[in-house]
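J.: To start, I am sharing the structure in question, which I have written as structure tokens.
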Amino acid sequence: MNIMLIRKAVWLGAACLALAALAAGAQTLTSANEVLDRLRANATAIETLQARIVVQTYKDGQVNLIQEMRLYLEQPDKMRQEYVAPDYMAGNMALIVGDAMLVYIAANETWHDSKLSDLSTAEQPWLLFRQLLRDVQDEFNDYGFTLAGLDGGKYHLVGNPETDDAVYGSIELWIDPETFVPTRRLLYDVDGNLIADVRIQNVVEVAPGIFLARRVEAYDANGVLRNEITYQELVANEPLDPALFVLPAEATNG
């Protein structure tokens, strides 16, 4: 059940693509590729990242689940996520090194392994910060984007599938022209029905020239708040303990 809870949040992870960005100056870009190139380049300016993440899930207008975890990221391909709460998930962990993805379930002290190459672009490297890792397939590669223009002072991009691996029927993005942090993301199914409306807020500078969004709200097609993610204790580009990303022998020798 804990693995299912991890994967249940996949669409939240899609919501959080490219949260990091650098200040970009006043130049007006004229194509979707230029905007996306700037977004990608700025996002991967983060060399290391650590944060405490709180995910609140809503039902009938009330919070019905709160998850808390610690995140550690190191370029180009290392990520660790440790669950802190609720109690029945505390001690669970997901660990990515290269193409290896391991999930540890504390209740029965077992590791489950997978290969990132076997997962869809929505799952790798599993949830929140996949877009920041340089050596992980970019979900945007499955779409062809056009620049619809400036909308409310933001770049408005529309993406349609170009490969069979595309998760959504189409994507709309609004991207801030100064920080290149997306401010809104609409996800549609293949019939053009809205799946989710993701609003990205409270962008702060966490290191010189590096910006992160500290709050993400995900609404369903009816405009009802379903999930809220906040990022606390953000630290970027500070050294991390190499031991955080050591693959356990018991999980890799079997």
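The values are calculated or read from the model by the stated rules, or taken from the named source; none is laboratory data. Nothing here was measured: the structure is a model prediction, and the numbers come from that model. Counting neighbours? That spans all protein chains shown, and the Cβs are built from the backbone with ideal geometry, glycine included.
J.: If you check Met101 against the conditions, is it farther than 30 Å from Thr28 by Cβ, free of Cβ contacts under 8 Å to residues at least 40 places away in the same chain and in contact with a Leu (Cβ under 7 Å, 6 or more places away or on another chain)?
T.: yes
J.: Quick test for you: out of Asp241, Asp142, pick the one residue that is acidic (Asp, Glu), out of contact with any His (no Cβ under 7 Å at 6 or more places or on another chain) and crowded, with 18+ Cβ neighbours inside 10 Å. Write out each step before concluding.
T.: Numbers: Asp241 fails: crowded, with 18+ Cβ neighbours inside 10 Å.
Every option except Asp142 fails the conditions.
J.: Any residue in the stretch 107-118 that is within 21 Å of Ile53 (Cβ to Cβ), surrounded by 18 or more Cβ atoms within 10 Å (Cβ to Cβ), of a type in the set (A, V, I, L, M) and modelled with pLDDT under 90?
T.: Yes: the stretch 107-118 contains one or more residues that are within 21 Å of Ile53 (Cβ to Cβ), surrounded by 18 or more Cβ atoms within 10 Å (Cβ to Cβ), of a type in the set (A, V, I, L, M) and modelled with pLDDT under 90.
J.: In the stretch 57-90, how many residues are under 19 Å from Leu212 (Cβ atoms), in contact with an Asp or Glu (Cβ under 6 Å, 6 or more places away or on another chain) and either aromatic (Phe, Trp, Tyr) or touching a residue at least 40 places away in the same chain (Cβ under 8 Å) (or both)?
T.: 2
J.: Of everything in the stretch 164-183 that's of a type outside the set (Asp, Glu) and in a loop (DSSP other than H, G, I, E, B), which residue is nearest to Ala148 (Cα to Cα)? Write out each step before concluding.
T.: Looking only at the stretch 164-183, we keep the residues that are of a type outside the set (Asp, Glu), and these are 166-171, 173-175, 177, 179-183.
Now restrict to residues that are in a loop (DSSP other than H, G, I, E, B): 166-169, 177, 179-181.
Details: Ala166: 20, Val167: 21, Tyr168: 19, Gly169: 17, Pro177: 14, Thr179: 19, Phe180: 16, Val181: 17 Å.
In this case the residue turns out to be Pro177.
J.: Being part of a strand (DSSP E or B), more than 20 Å from Ile171 (Cα to Cα) and of a type outside the set (A, V, I, L, M, F, W, C) is the filter here; which residues of the stretch 194-216 pass it? First the steps, then the outcome.
T.: Going residue by residue through the stretch 194-216, those that are part of a strand (DSSP E or B) are 194-207, 210-216.
Imposing the further condition that a residue be more than 20 Å from Ile171 (Cα to Cα) reduces the set to 202-207, 210-212, 214-215.
The answer is Asn202, Glu205, Arg214, Arg215.
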